[in-house]
Amino acid sequence: MSQITDGTYPVSGRPILLMTAGGLNPTLVAADLARRGFNIHVVLEQPEGKAEITRRRARKLGWMAALGQLGTMIAARLLRRLANRRVAALLAAHGFDKTLPETVPIHPVTSINAQETTALVAELSPAAILLVSTRLMSSRQLAAMPCPVINLHAGINPTYRGQMGGYWSLRENDPQNFGATLHLVDAGTDTGGTLYEVRTSPSKGDFIATYPLVLTLAALDITARSIDDAVNGTLRPIPPTGPSALRFPPTLWSWIWHGIVSRIW
């Protein structure tokens, strides 16, 4: 499926499955791919509960860190209404609204790792699968997928694997690596071969609740390019190199401290 001059792509006979737990960012990705001509289907899983996420992090990092990260997640969600003007400006600049086109089918599932998802994939026979804001795909499920599985990651791999990569690049005085990565999914967390990267810069009014949106919008072109490569069989993953670190949300007190001292919110 070759790209044509106006930036759209001819519709593929086989669908592209965008797997997500929902939200604005995956909605925009699905809408953009649909308007470029891809045959998009959304597989909508039930999101993980905050209690489940916190318990898992506590086993890995301890309860103090896990509860502090939960506090930041809650604060960021509560502060999203303060970002409404910035979000509206970003959407207007790219010609988006917050809705998914009615032409895009939605397939609810309990989890991307459930047997019902395996059966759905077998039924739809996709040309590629794109993960945007999902739980991790299990190794067993990944092995059962009949096509390339690609992830849109809001961070530059491997230095900013995990969550909130844009925030961490700024906090670590590394703004030149405020960016996003399209990569193949493997058994690790954001450790698969890199397909494309894009770097951008946040505006003065951006903060932890808007960084992912800024990065998602910046990555729309390379997302479409990655899917087109998958359909054409021309994927050329590059092993990630350099320092590698798995990132988590900052604790609430750490986020507030650095916001006050460094003005990085």
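Rule-based calculations on the coordinates, nothing more; no lab input. Computed from a predicted structure; not experimentally measured. Neighbour counts run over all protein chains shown; Cβ positions are idealised from the backbone, glycine included.
Look at where the Cα atoms of segment 56-97 and of segment 182-217 average out, and the two centres are 15 Å apart.
With a Förster radius of 25 Å applied to the beta-carbon distance between T118 and R56, the computed FRET efficiency rounds to 0.65.
Going highest first, how would you order 23-35, 51-63, 246-258 by mean Cβ packing within 10 Å?
Result, highest mean first: 23-35, 246-258, 51-63.
Between I238, I156, I40, find the one with the highest GNM mean-square fluctuation for the chain; connect C-alpha pairs within less than 10 Å. Evaluated over the chain, the most mobile residue of the options is I238.
Note down the relative contact order for the chain as a percent, whole number, built from C-alpha pairs under 8 angstrom at least six residues apart.
22
Residues of segment 123-157 with an amide N closer than 16 Å to a point placed 7 Å from the Cα of A245 along the Cα-to-Cβ direction: 155-157. For the chain, the antiparallel share of DSSP beta bridges with both residues in that region comes to about 35%. Average projection, convex hull of the Cα set of segment 113-265: 9.5 square nanometres. Length gained on full extension, V198 to N232: 10.1 nm, using 0.36 nm per residue less the C-alpha separation. With a simple spin-label model that places each label point 7 Å from the Cα along the Cα-to-Cβ direction, the separation between R80 and R35 comes to 2.1 nm.
The Cα trace of segment 182-238 gives Rg and Dmax of 13.3, 41 Å, the first to one decimal, the second as a whole number. Only aspartates and glutamates eight or more places from K204 in sequence, or on another chain, were considered; those with a Cα closer than 19 Å are E172, D174. Placing pseudo-labels 7 Å out from each Cα toward the beta carbon at T110 and S125 gives an inter-label distance of 2.8 nm.
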